[in-house]
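Each reported figure results from applying straightforward, stated rules to the coordinates on display, with no laboratory input. Computed from a prediction, not measured in an experiment: that's the story for all the values here. When we count neighbours, we look across all protein chains shown, and the Cβ atoms used for this are built from the backbone with ideal geometry, even at glycine.
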Amino acid sequence: MKKVQFTETVLRDANQSLIATRLPYSDFEPILETIDSAGFYSIECWGGATFDVCLRFLGEDPWERLRKIREKVPNTKLQMLLRGQNILGYKHYPDDIVRRFVRCAVKNGIDIIRIFDALNDTDNLKVAIDETKKCGAVASGAISYTTSPVHTNAKYVEIVKELKEMGVDTVCIKDMAGIMTPAAAYDLVSAIKDAVDLPIVIHTHCTTGLAYMTILKSIEAGADVIDTAISPFSGGTSQPATETLNHALRELGYDTDLKEDKLYEIADFFKPVRAKFLDSGKLNPISMGTDTQCLNYQIPGGMLSNLLSQLKSLNSLDKFDEALAETPKVRKDMGYPPLVTPTSQLIGTQAVQNVLAGERYKNVGAELKAYCRGEYGRTPAPIDPMIREKILAGDKIVEGRYADTLPTDTFEKAAEKLGDTARCEEDVLSYISFPPVAEKFFEERKAKEEKIVKYTITEA
Ligand code: CO
């Protein structure tokens, strides 16, 4: 009997896709032990946007969150999502910072690191993969799935072979927009299985309604692990429901390690949590529905809600459909990057700019300029030369690997600047990732502690 294993995403991707990663630690702490005992292959609980949001909006130290989860989850593997050379930020970092970050993530409790690059440029993955292996953790090499004239199965297999050369333990097909069809998944998984002998993980989103079928066909083609979210945080821009797939797969004769009674307990726990986010408006019912437009526009879950809030803040919600239609055009101009962080932001923001300005590429952000200089890596297809020229306006294009051109004393400089404010290597890495955000967090942390000390003295 073929076994299918499950990765539970409620703490990271479901949280990120449905409620902009706003789940505080205290909201899920009471259920961690139950999740640990439910029989998951892994729990995706860290990385992606959780790091930034913890510091920026939740007043939580992300490293401390990880240690607390580890303490409550001693048995199940903890998994994080790493943006390759971008670590958890939106730009490229020098190699030694990537290595330090990976080491600290493992030291604080991570077992599996899923590593992806928005452009599928393996030059941006190799250092993170190498360090993950050196730390004794599981390196999962991800391919960012997209469709375009240049994204063929042969191309994906070529990337997977490179990942295998780099030493990955598993391969993840990361369909962040939920656009992988059942037939395409069957063919792609089969092609990869034929080419390499590595476990295959399927990551998709329910955005377009394809996910359940896509997962089933992937399993029929030999996929080994699937990403799912406990039912109250499943569907829409999130993953398909854990209980549902477990139920259906068992009936079809597949073996799973999941304990049904535990799953129901976890689901019951998260129902009122979801209700709370619905009431506060942080969970937008639009994100819960099925949107087949994405089959044309290829807008991943997180990007859809970002576009909405961006236009809302500019008082231009009426331009939503126009911005949606502009997005694939910008993507084509930019050499068909898969739409995932950070390219999804680049493309989405530019689409909004183009629509609002009424002239294409009149206003261009610093990030897209950097992209056109080659600072994000090799694009899947060449950038439209005319548009590139207009955007660069004489700027030089990077030769070779961008990370190799970065300074090698970033860590030392940051540590020196922070002085006593940084209490450990992790603090310095938080600062390097999000400087103003981390500084503000450190200040608030200190103020909070001083208040506690003052209170304790008064009491004594
Ligand atoms: Co995802």
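A few comments on the model shown:
- Shape class of region 266-334 from the alpha-carbon gyration tensor: prolate, with a/c at 1.5 or above and a/b greater than b/c.
- Whole-Hz Karplus values for region 52-62 come out as 4, 5, 4, 6, 7, 10, 9, x, 10, 7, x Hz, taken residue by residue from phi with 6.51 cos²θ - 1.76 cosθ + 1.60 and θ = phi - 60°; glycine and proline positions read x.
- Computed across region 1-53, the Kirkwood hydrodynamic radius from all distinct Cα-Cα pairs reaches 11.9 Å.
- For Q5, the residues whose amide H sits under 5 Å from its own are V225, I226, ignoring neighbours fewer than 5 places away on the same chain, with H placed 1.01 Å from N.
- Amide hydrogen neighbours beyond the local backbone of V150, cut-off 5 Å, H modeled: none
- By definition, a body whose alpha carbon gyration tensor gives a ≥ b ≥ c is rounded when a/c is under 1.5, and the chain falls into this rounded group.
- In plain terms, if you count all Cα to Cα distances in region 152-261 and split them into 10 Å steps from zero, the share in each step is 15, 46, 31, 8, 0 percent.
- Taking trypsin sites (Lys or Arg not before Pro) across region 286-347, none is in a DSSP loop with at most 14 further Cβ atoms lying within 10 angstrom of its Cβ.
- Whichever lysines have a C-alpha closer than 21 Å to that of K312, once near sequence neighbours (fewer than 8 apart) are set aside: K282
- Computed over region 1-135: relative contact order in percent, which uses C-alpha pairs under 8 Å that are six or more apart: 22
- The Cα atoms of region 5-280 cover 47, 46, 32 Å along the three principal axes, with the biggest extent listed first.
- Whether region 233-310 is rounded, prolate or oblate, judged on the alpha carbon gyration tensor where a/c under 1.5 counts as rounded: oblate
- Measuring nothing but how far apart in sequence close Cα pairs (under 8 Å, 6+ apart) lie, relative to its length, region 287-403 scores a relative contact order of 23 percent.
- Counted residue by residue at 0.36 nm each, then reduced by the alpha carbon distance between them, the extension gain from A393 to H247 reaches 46.8 nm.
- Loop-resident sites, region 375-460, for trypsin sites (Lys or Arg not before Pro), counting at most 12 other Cβ within 10 Å (DSSP): K396, R423
- Whole-number percent relative contact order across the chain, with pairs defined as alpha carbons under 8 Å at least 6 apart: 17
- Rg/Rg_ref, region 409-459, where Rg_ref = 2.2 N^0.38 Å and atoms are Cα: 1.33
- Distance from the C-alpha centroid of region 407-460 to that of region 209-237: 41 Å, rounded to the whole angstrom.
- Residues S234, S280, sorted so that the one with the fewest Cβ neighbours within 10 Å comes first: S280, S234
- Taking GluC sites (Glu not before Pro) as exposed when DSSP calls them loop and at most 10 other C-beta atoms lie within 10 angstrom, the chain has its longest site-free stretch at 1-358.
- FRET E, pair A183, K68, Förster distance 41 Å, beta-carbon r, rounded to 0.05: 0.45
- Phi to ³J(HN,Hα) by Karplus 6.51 cos²θ - 1.76 cosθ + 1.60 over region 202-209, Hz, x for Gly, Pro: 10, 10, 9, 10, 7, 2, 9, x
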